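Report on one structure; see the data block that follows.
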């Protein structure tokens with residue numbers, strides 16, 4: 001029985017296993033980067049067709065699907081591989097730690113003269129003066145390169161000085177290995193106690209639920225259940241409590257049901273007050289985009305913040321990231337926000353819907369908002385058309401009725417202030433068309449991220465120590481000689497030997513020549 | 001743009017340096033060697049100047065902070081920076097090891113990388129930054145990644161040289177490995193050259209891969225051309241395999257010890273691996289977490305970085321703990337760099353052409 005356990009232990013701690021795992025993770029991951037993960041059937045059929053041809057693609061899909069490659073980083077075998085990797089790391093570390101601990105704790109001891117000559121770094125020379133007269137100088141020479149020497153007299157006269165430095169650097173490899181375990185633990189904490197979701201909020205809308213990124217939409221049963229649970233919520237105007245009651249459930253029970261179908265209830269609400277995009281010059285390439293988000297507790301605002309890419313909002317451990325934006329299909333609820341200036345310089349900010357009319361102060365003109373276009377362009381015949389799916393070039397068409405009843409109309413384009421002025425000297429500046437854009441937010445909760453960061457710091461430190469620092473030992477033997485003192489210098493250093501040799505050379509110059 | 005003139009100058013200097021380094025290993029004249037080094041240093045200096053000028057141009061154009069304006073935001077700029085790091089690493093090595101032979105292997109990598117910019121017709125314009133790239137992590141992440149890529153490139157060249165020097169038997173695995181690798185490498189470059197010659201007038205950088213890459217060879221509309229292309233590649237691989245001993249003779253002529261090559265290979269990996277872990281993986285994860293709220297999402301770029309990391313981890317463990325030596329370990333080092341190239345170019349050029357995911 002014991003021998004069986006020993007076998008399992010030595011299998012799990014073997015470096016061979018580690019190497020096999022490295023190779024397997026690397027090779028299978030390659031497949032995972034070619035097959036698009038969590039994608040639709042048609043998407044991957046397209047990918048496979050371009051690789052193996054149209055005829056074989058469905059068969060290839062079936063085989064790869066059965067093996068879990070369509071969502072391979074969450075498949076049982078990949079997770080097993082990662083777990084095995086973690087166990088291997090842990091067992092290896094436990095297995096080898098006592099030996100390394102002994103080396104780290106072991107004091108350096110004097111060694112025999114002929115053993116010194118077999119060391120990787122060695123040097124022998126004679127300097128005038130007796131060993132006794134050199135003793136103190138030798139100690140301070142060793143000190144000059146950072147070694148605190150201990151002294152021991154050998155039988156028959158010679159004295160040996162010996163010291164070591166950075167013995168603890170042997171632990172660097174360990175710290176690096178343990179840090180990977182820390183990172184994996186942090187990732188697990190994130191998986192079990194956090195969520196990854198998204199929400200799409202039009203300007204002026206509030207949400208108290210977000211949708212999970214990890215929901216498998218390929219199961220029709222789950223999708224139907226999700227529809228019915230969400231249906232109850234919609235018909236109660238988004239009130240979770242009332243929706244639970246309508247289903248004869250307790251609130252926690254209803255929330256649990258929602259989570260099981262990839263809908264995550266928040267215990268507060270988020271409101272998108274406004275969304276803005278800034279473009280590079282007159283191009284349609286976004287330079288920055290941001291949303292004014294307000295967090296509400298029981299309907300009362302508690303935090304308001306502009307969020308943009310790289311600058312998220314954090315509330316109660318939940319992070320809101322600006323990720324995308326879109327134009328709503330229904331533009332009818334949009335409100336044009338306009339700065340209207342009369343010929344005499346009087347200004348006024350107006351909020352108008354399409355179809356509404358207003359008069360410009362100080363004039364007898366009436367203006368009617370006739371049309372809105374989110375991305376105005378003109379075709380060859382001069383007809384207005386929409387050139388983009390986003391609000392890249394918002395414009396409103398106004399019909400102006402003069403005091404004499406004369407009719408005219410013109411487009412007012414937000415991007416081009418020269419289109420804002422009217423013939424009589426007044427102007428209508430379009431500052432925003434509010435309510436037609438929606439902001440896309442990624443919503444995350446990951447209490448494990450700090451554990452992951454801790455692991456990253458440990459990994460960086462561990463690798464630094466492991467690759468750039470080394471456990472150095474040095475011995476200096478002073479023996480009486482006819483011409484003075486015979487110095488024997490020996491040293492070991494597992495890494496960066498050249499640098500250490502230069503240091504020793506520096507030390508030796510203090511010991512060569514006259515006393 | 002001032003900077004492009006100096007980029008051109010450095011490219012010329014590197015190509016000339018490559019030729020002179022090769023002449024140097026053939027004739028071993030001191031004066032020739034000094035000329036080669038002079039050209040390499042001159043190329044490096046003008047490239048440094050060009051990068052600084054472009055940085056300034058970008059800074060003035062973008063109106064962002066100086067740290068955020070580092071010219072490392074598109075493929076063109078990153079290749080330039082990669083070559084810069086590679087040449088810096090090489091020049092340091094040349095002065096430390098007092099050996100120029102190696103230049104004949106590094107300058108071609110630099111020259112090919114710069115020629116690749118011309119061949120692929122990628123955009124060399126200064127482009128405005130998408131919001132996700134407007135982060136200070138860009139500087140830390142990208143510079144450290146490329147420093148590590150350059151270290152890996154060095155280990156690749158020395159590893160390959162090690163294989164060339166130490167193999168003889170044409171039936172031996174390691175010999176077949178390096179000849180096939182070199183043959184395919186040359187064939188792919190030639191195929192891209194053909195695309196360039198055929199389509200250079202019609203080419204636009206964004207659509208190069210989808211519309212033109214390998215369209216005059218492996219992906220040609222005519223099946224005859226496709227068959228000929230594969231046959232030509234096989235023939236080229238065969239030629240390298242058959243006459244590989246000539247290369248061996250050339251390199252052994254350099255008085256480059258196999259042990260030195262092995263040591264440089266290891267040292268480059270030992271420098272590259274921690275820097276790659278910190279700059280490539282850790283900083284990348286922190287940045288991703290800040291921009292998208294996920295530090296790891298298994299997207300192809302991340303996954304390929306991890307594959308690269310595992311191959312070099314494999315190298316280190318096999319070398320230290322399993323005692324793998326010589327040819328076996330040199331093959332692992334060269335494979336590692338193939339993964340680096342794929343992480344760097346393949347994911348952007350090939351997988352993004354295959355997938356519909358955006359280029360984030």
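No value in this document is a laboratory result; all are computed from the given coordinates. Just so we're clear, the structure is a prediction, and the values are computed from it rather than from any experiment. Backbone-built Cβ (ideal geometry, glycine too); neighbour counts: all protein chains shown.
Values as computed for the structure displayed
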read-out: Degrees separating the helix A:131-144 axis from the principal Cα axis of chain A, which is the longest one; value: 10
read-out: Rounded to 10°, Cα long-axis angle of helix B:300-320 versus longest principal axis of chain B; value: 40
read-out: More than 26 angstrom apart: percent of Cα pairs within chain B; value: 54
read-out: Contact order normalised by residue count of chain A, Cα under 8 Å, 6+ apart, percent; value: 22
read-out: Cβ-derived FRET efficiency at R0 60 Å, residue A:424 paired with residue A:469, nearest 0.05; value: 0.15
read-out: Cα convex hull of the stretch A:232-298 - mean projected area over all directions, nm²; value: 6.4
read-out: Least to most buried among A:177, B:141, B:317 (fewest other Cβ within 10 Å first); value: B:317, A:177, B:141
read-out: Virtual spin-label span in nm between residue A:378 and residue A:125, 7 Å along Cα→Cβ; value: 9.0
read-out: Radius ratio Rg over Rh of the stretch A:4-92, counting only Cα atoms, Kirkwood formula for Rh; value: 1.14
read-out: Averaged over B:282-295, number of beta-carbon atoms from partner chains that fall within 10 Å; value: 6
read-out: The stretch A:115-178, relative contact order [Cα under 8 Å, separation at least 6], %; value: 19
read-out: Stokes-Einstein D in µm²/s, Kirkwood radius over Cα pairs - the protein assembly as shown at 4 °C with 1.567 mPa s viscosity; value: 40
read-out: Residue order, fewest to most surrounding Cβ atoms within 10 angstrom, among A:51, B:278; value: A:51, B:278
read-out: 20 Å reach of a label modelled at residue A:192, 7 Å along Cα-to-Cβ, counting backbone N of the stretch A:219-262; value: A:256, A:259-260
read-out: Test item: B:267-274 mean partner chain Cβ contacts at 10 Å; value: 3
read-out: Potential lengthening between residue A:506 and residue A:20 on full extension [0.36 nm per residue; Cα-Cα distance subtracted]; value: 170.4 nm
read-out: Descending Cα extents along the principal axes, the stretch A:335-436, whole Å; value: 38, 29, 24
read-out: Residue-averaged [θ]222 nm for the protein assembly as shown, counting only DSSP H segments that reach four residues, each worth -39500 (n - 2.57); value: -17000 deg cm²/dmol
read-out: Likely footprinting exposure, B:324, B:84, fewest C-beta neighbours within 10 Å first; value: B:324, B:84
read-out: At R0 = 60 Å, FRET efficiency that the Cβ-Cβ distance of residue A:6 and residue A:219 yields, to 0.05; value: 0.85
read-out: Acute angle (nearest 10 degrees) that the helix B:30-62 long axis makes with the longest principal axis of chain B, alpha-carbon atoms; value: 10
read-out: Semi-axis lengths, Å, chain A, gyration tensor of Cα atoms, sqrt of 5 times eigenvalues; value: 73, 35, 22
read-out: Between the stretch B:286-301 and the stretch A:373-391, the Cα center-to-center distance that results, in Å; value: 36
